[in-house]
Amino acid sequence: MSVDETLAWLVAFLVVTVAVSAAARRVGWSAPLALVLIGVAVSYVPGVPRVDVEPDFVLSVLLPPLLFAAALQTSLADVRARREPLLLLSVGLVAFTTVVVGLATWAVVPTLTLAAALAFGAVVAPTDAVAVAAVTRRAPLPRLLASILDGESLLNDATALVALNTAVVAIVATFDPGRAVGEFVLAVVGGAGVGLLVAFVMGAVRRRLPVAVLDTSLSLVTPYVAFLLAHAIGASGPLAVVVAGLFLGFRAPVLQSAEARLAESLNWRTIQFLLENAVFLLIGLSLPAILRGALSSGIGVGRALVVIAVVVVVLVGARLAWSFAVTAVYRWGPARMRRRSWQWRINLPITIAGVRGVVTLAAVFLLPEQTPHRAFLQFLAFVVVLATLLIGLALPWVIRRVALPAPDLDQERMETQLLLAEARAESLQFVDGLDDDAYDDRVVERVRVDSALLGETLVGDDGVRSERAAAYAALRMLAIAEERRAVLRARGEGRFPETAVRAVLTILDIEEAAVRATRSGRTD
């Protein structure tokens, strides 16, 4: 295929992705499911090139920016607050699912070895951050549930990939428990360490970058730096990317300028939209190749249907059982855990939202060639992804049936207004404490009375107006800096939820960017 033809197909791929996503959102359909179905249909159109999933491309090229974008939007404060349930889901549930689904698959697939079955269990064990976000956006989830689901899908890849690597070793060689434990420790500790190191170094560099374009450019390569460094030492690349994204997102208000934060947010939202939707279209387009391999595996249609039913039921059942077990521990465990327990009815939405996606599809292609029924297992992984997407469509209905309270938007708006008012009060106190002779009285009064003022024709000749405008901008910048410090102090004290903190920080960023543009006459 020539360069022009490749470019034409790439453009068509992106156009279809955007068009289908926009149409699905307009009519209220699931965009991921619509893209998968469109991809399947298009794959059988004559002339459309064959698409084969390259696991290295998905795991090394597509996954890092997707995880980084999701991590930037995830609250580190929420992750810290929910660390125990997140560990139980991202480590405990993955291990439990690997074993349960592996044993069930071993029981129903003829001549499949136990090692291969456990490898498949590890493949389908992790939920997918992209798929979960796509499903949960359609439902008004309580903040507790949303933060747990987002954190789980971001952190469970490392556990699943380590379990997969261990099972793969057992397929091709002798299993060594000591080596497996060592690999897991290296993957987790090394991945977290690399993520923190990259976040520290990138943060130090970005603090000194004067131009938003340079800062955003460095942001675009950060996930790949974290991923490649982690892989170089045998650690978990996905975990390194997530840790770097969480800490850089949390520290953004003190590391970056307002323009850089706004530019980074918009750019990553665009990248995330294109990639996460393109991934589902890619899944659909890859079906013919996967299906051809499954048909040649020697497993009949009847047996295949039984296997599919058993695997999907066991997968969903394992998640439901683990959720109830964790809830029981919090309800009846130590007093410290009982104080943070949740209602039983939250378990069904947690189960329904356990959607699999690109990680599962890419991981199944990492199975070695000598894996028994490898082609059928690839097809089975595709079916699991599609089945969990279909099950995820029921999430809004399930939430209504179990009567989970929707987020209180009025309360969130009030919390945002209270935090903003507190920040404004801090800045006014700061302005009132300035030296009276340092600024013109008119400038001080304008900052005090109208903190949202970005430019105004003041009384006096052109020179006086220009001086006052510059003085106003300088003083307002100081006031905004004081407001931002007040917001970050409130965040550190835990007095406001992260939704309010991020909303107010965005307001201040927009205002600061506008003040800078007014003062300089341009934006970087």
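Residue 49 fulfils the conditions (1) part of a helix (DSSP H, G or I); (2) in contact with a Phe, Trp or Tyr (Cβ under 9 Å, 6 or more places away or on another chain) except for a single criterion, (1). In the set 242, 316, 311, only one residue is out of contact with any His (no Cβ under 7 Å at 6 or more places or on another chain) and closer than 20 Å to residue 199 by Cα; that residue is 242.
Tell me whether the stretch 15-32 contains one or more residues that are over 23 Å from the mean Cα position of the chain (by Cα), open to solvent by 70 Å² or more (accessible area, probe 1.4 Å) and among the aromatic types (Phe, Trp, Tyr). Checking the stretch 15-32: not a single residue is over 23 Å from the mean Cα position of the chain (by Cα), open to solvent by 70 Å² or more (accessible area, probe 1.4 Å) and among the aromatic types (Phe, Trp, Tyr). Among the residues of the stretch 51-92 satisfying the criterion of being farther than 28 Å from residue 121 by Cα and of a type in the set (D, E, K, R), which is modelled with the lowest pLDDT? The residue in question is 78. Of everything listed in (1) farther than 30 Å from residue 26 by Cβ; (2) crowded, with 21+ Cβ neighbours inside 10 Å; (3) at pLDDT 80 or above, the single unmet condition for residue 149 is (1). Return the residues of the stretch 181-222 that are among the hydroxyl-bearing types (Ser, Thr, Tyr) and free of Cβ contacts under 8 Å to residues at least 24 places away in the same chain; say none if nothing qualifies. Passing the criteria: only 217.
In summary, helices (runs of 4 or more DSSP H) completely within the stretch 158-263 and bearing 1 or more residues that are among the aromatic types (Phe, Trp, Tyr) and farther than 28 Å from residue 501 by Cβ occur at 177-185, 212-232. The number of residues in the stretch 89-115 that are closer than 17 Å to residue 156 by Cα and open to solvent by 60 Å² or more (accessible area, probe 1.4 Å) comes to 2. Return a yes/no flag: does the stretch 42-55 have any residue that is more than 30 Å from residue 6 (Cβ to Cβ) and in contact with a Leu (Cβ under 7 Å, 6 or more places away or on another chain). No, the stretch 42-55 contains no residue that is more than 30 Å from residue 6 (Cβ to Cβ) and in contact with a Leu (Cβ under 7 Å, 6 or more places away or on another chain).
Candidates 399, 391, 350: the one that is under 21 Å from residue 83 (Cα atoms) and surrounded by 19 or more Cβ atoms within 10 Å (Cβ to Cβ) is 350. Scanning the stretch 139-146 turns up one or more residues that are surrounded by fewer than 24 Cβ atoms within 10 Å (Cβ to Cβ), assigned to a helix (DSSP H, G or I), modelled with pLDDT of 75 or more and small (Gly, Ala, Ser). Close Cβ contacts (under 7 Å, 6 or more residues apart or on different chains) running from residues in the stretch 411-423 that are among the polar types (S, T, N, Q) to residues that are assigned to a helix (DSSP H, G or I) and surrounded by 15 or more Cβ atoms within 10 Å (Cβ to Cβ) comprise 416/500; 416/503; 416/504.
Among the listed residues 277, 267, which satisfies the condition of being of a type outside the set (D, E, K, R), part of a helix (DSSP H, G or I) and surrounded by fewer than 20 Cβ atoms within 10 Å (Cβ to Cβ)?
Working: 277 fails: surrounded by fewer than 20 Cβ atoms within 10 Å (Cβ to Cβ).
Within the list 277, 267, the selection yields 267.
Within the stretch 360-379, restricting attention to residues that are closer than 16 Å to residue 285 by Cα and of a type in the set (A, V, I, L, M, F, W, C), the residue that is modelled with the highest pLDDT is 379. Of the helices (runs of 4 or more DSSP H) that lie entirely inside the stretch 291-363, those containing 2 or more residues that are more than 29 Å from the chain's Cα centre (by Cα) span 301-332, 335-338. Residues in the stretch 93-113 that are touching a Phe, Trp or Tyr at 6+ places or on another chain (Cβ under 8 Å) and modelled with pLDDT under 90: 109, 112, 113.
Is it the case that some residue within the stretch 217-224 is more than 21 Å from residue 254 (Cβ to Cβ) and either among the polar types (S, T, N, Q) or out of contact with any helix residue (DSSP H, G or I) (no Cβ under 8 Å at 6 or more places or on another chain) (or both)? Yes, that holds for at least one residue. Taking the criterion of being closer than 30 Å to residue 57 by Cβ and in contact (Cβ under 8 Å) with a residue 24 or more places away in the chain, would at least one residue in the stretch 299-306 satisfy it? Within the stretch 299-306, one or more residues are closer than 30 Å to residue 57 by Cβ and in contact (Cβ under 8 Å) with a residue 24 or more places away in the chain.
For the stretch 116-132, indicate whether the set of residues that are open to solvent by 20 Å² or more (accessible area, probe 1.4 Å), farther than 25 Å from residue 402 by Cβ and at pLDDT 85 or above is non-empty. Steps first, please.
Our first condition is that a residue be open to solvent by 20 Å² or more (accessible area, probe 1.4 Å); within the stretch 116-132, this holds for 118.
If we keep only those that are farther than 25 Å from residue 402 by Cβ as well, we get 118.
Those left that are additionally at pLDDT 85 or above: 118.
Yes, the stretch 116-132 has at least one match.
When the stretch 476-502 is examined, which residues are found to be small (Gly, Ala, Ser) and buried (at least 19 other Cβ atoms within 10 Å of the Cβ)? Explain how you work it out, then say what you get.
To start, the set of residues in the stretch 476-502 that are small (Gly, Ala, Ser) comprises 479, 481, 486, 490, 492, 494, 500.
Listed by number, the residues that qualify are 479, 486, 490, 500.
The values are calculated or read from the model by the stated rules, or taken from the named source; none is laboratory data. None of the values given here were measured: they were computed from a predicted structure. Quick reminder, even Gly has a Cβ in these numbers, built from the backbone with ideal geometry, and neighbours come from all protein chains shown. Surface accessibility is based on the protein's heavy atoms, side chains included, excluding ligands, DNA and RNA. Shrake-Rupley method; radii C 1.70, N 1.55, O 1.52, S 1.80 Å.
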